[in-house]
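See structure below.
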Amino acid sequence: MGTSSAASEAQPFYVNAPFGIAMSVNGNLVNTEDLRKFLDEEAHRHVNSDSDSELLLNIFAHGLQKLGKTRANSDDIFTALGDVYSKCMGAFACTAMIAGFGILAFRDANGIRPLCLGSRPSATLPGATDYFVASESVALKQLGFNNIVDILPGQAVFIQKGGSPQFRQIVPRKSYTPDCFEYVYFARPDSCIDGISVYRSRQKMGEKLAKKIRETLGEEGIADIDAVIPVPETSTVAAATLAEKLGKPYVTALIKNRYVHRTFILPNQTLRQKSVRRKLSPIESEFDGKNLIIVDDSLVRGSKSEVPLFGVQMAREAGAKRIIFVSCSPECTHPHIYGIDLADPVDLVAHGRTRQEIAEYIDADEVIFEDLEGPDGLKAACLEAADSTSQVQDFEVGVFCGKYVTDVPEGYFDHLSDLRNGKRGQQTALVEIEAGINGEGGNVVASSGPADGPSAAEEANTLRNANGVKTPEHREDISLHNVADELMGHEK
């Protein structure tokens, strides 16, 4: 719910009035300019960051404040949520704490982002019950919570301090279409989201991919394959199933560094490239002179620093004879607008390229993607993994085809791309300054005291001016919080 890794956009966000509310949001809003204008001109609420999470919080706070009460009840909470659903467009799964009163959770009317509730006997108060809200069921299970239920699209739950959950359907359900990327990449395999086992869905992806590979390569092509190698870790379940169906060895020849976390969500290419080189290490004997299928969950950005592309590069460097790259999802050809930092189509390796051109670009001999539709497509793989309780009707798959669940305001993509590209430029430049690129000006100081080069703060402000962004001394709406973030945020 933001476009930056800056401290000013760290969640949860907090407002003092009314009552003291802290909120965390998973998702992305697509009408942020309209919301910002409303908060400024009508609600008269100040927003400190570019994060749409802060916008959503202030929309809710304004809805609650305009009721004019010094003490709120649960009906007031649900009434104020009506403003959120009527004004906010996009995907959101939210949790909030209202100081001294209770906790709140609610989900967008299409159920794009996941949210669930669990309970357990209280660990601190005999006879009482603890409640916990999370995106994934595994977080609840590992802490001993059970009776796990999914919060439904358009639904909210409020748990007053010392009370039981109160569910309320705030707006009618528009659809039940969770983001397919949850099952492909985001979620842990031991989670169950909206009645669909993530582990089982990935097994199904592997089964259907095996069929696609047979159709593409033929039996002679399959016979030449020496092994199936996953790019760890989200592709491992699908790759193991795929190898079993093809009758080929499943070899974990790319070893993941357990101390490097997900690189896909890092804010800029420089950081992603540094992390991905630390993330994977090949067992060279498993590559040398062999014909291999390399499996990953997806193929997204076109930078050579991305994990799938780097996996192919490692295989080449280790002496692989032939590489067939296989993706558990279809080609990512459009921006993902509901929670991933993918705004500009030109960043996507599959955008405007044929399958052969993609193979040449990533230095593979062949690329094979999962289909989206049909009995052997990605949607079918996820639906076949559903249990009898699942109410899922379809999936949000706009990143693969450009058809989004919600309306997208005109000009939104340009606005988002400009915002993210501008921040990427600033972040990359700051990383280069602090790293001392080309061996020059490598000193970073925490004050404006003497040094043999300008401080990182001074360089940061110079760069921000060059990019057309007002520095603190030129801004009239700056708060003490913003000044600290602007001057010191990049020195950490």
Quick check, is residue 148 at pLDDT 95 or above and in contact with a helix residue (DSSP H, G or I) (Cβ under 9 Å, 6 or more places away or on another chain)? yes
Which condition does residue 287 not pass, out of (1) more than 21 Å from the chain's Cα centre (by Cα); (2) among the aromatic types (Phe, Trp, Tyr); (3) at pLDDT below 95, if it passes all the others? (3)
Just to check your reading of the model, which residue among 153, 172, 178 is out of contact with any strand residue (DSSP E or B) (no Cβ under 7 Å at 6 or more places or on another chain) and closer than 29 Å to residue 79 by Cβ? 172
For the range 160-182, enumerate the residues that are within 23 Å of the chain's Cα centre (by Cα) and among the aromatic types (Phe, Trp, Tyr). 176, 181
From 19, 60, 13, 78, grab the single residue that is closer than 25 Å to residue 169 by Cβ and buried (at least 23 other Cβ atoms within 10 Å of the Cβ). 60
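Residues checked against (1) within 27 Å of residue 176 (Cα to Cα); (2) assigned by TED's automatic domain parsing to the domain that holds residue 336; (3) charged (D, E, K, R):
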| position | (1), (2), (3) |
| --- | --- |
| 17 | no, no, no |
| 24 | yes, no, no |
| 28 | yes, no, no |
| 36 | no, no, yes |
| 43 | no, no, no |
| 72 | no, no, no |
| 78 | yes, no, no |
| 96 | yes, no, no |
For residues that are under 25 Å from the mean Cα position of the chain (by Cα), touching a residue at least 24 places away in the same chain (Cβ under 8 Å) and in a loop (DSSP other than H, G, I, E, B), scanning just the range 352-386, find the one that is farthest from residue 215 (Cα to Cα). 385
Looking at the range 34-50 only, could you name the residues that are part of a loop (DSSP other than H, G, I, E, B), more than 27 Å from the chain's Cα centre (by Cα) and without any contact (Cβ under 8 Å) to a residue 12 or more places away in the chain? 44
Which one is surrounded by the most Cβ atoms within 10 Å (Cβ to Cβ) among residues in the range 176-195 that are part of a strand (DSSP E or B) and of a type outside the set (Val, Ile, Thr)? 179
Residue 167: passes all of (1) under 17 Å from residue 150 (Cβ atoms); (2) without any contact (Cβ under 8 Å) to a residue 40 or more places away in the chain; (3) not assigned by TED's automatic domain parsing to the domain that holds residue 82 but (3)
Residue 19 vs. criteria outside any strand (DSSP E or B) and within 27 Å of residue 136 (Cβ to Cβ): no
Would you please name the residue that is farthest from the chain's Cα centre (by Cα), looking only at residues in the range 196-226 that are small (Gly, Ala, Ser) and surrounded by 18 or more Cβ atoms within 10 Å (Cβ to Cβ)? 210
Filter the range 227-249 down to residues that are within 19 Å of residue 311 (Cα to Cα) and either charged (D, E, K, R) or part of a helix (DSSP H, G or I) (or both) and give me whichever is farthest from the chain's Cα centre (by Cα). 243
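The values are calculated or read from the model by the stated rules, or taken from the named source; none is laboratory data. Owing to the predicted nature of the structure, the values given are computational and were not obtained by experimental measurement. Reconstructed Cβ throughout: ideal geometry from the backbone, glycine too, with neighbour counts over all protein chains shown.
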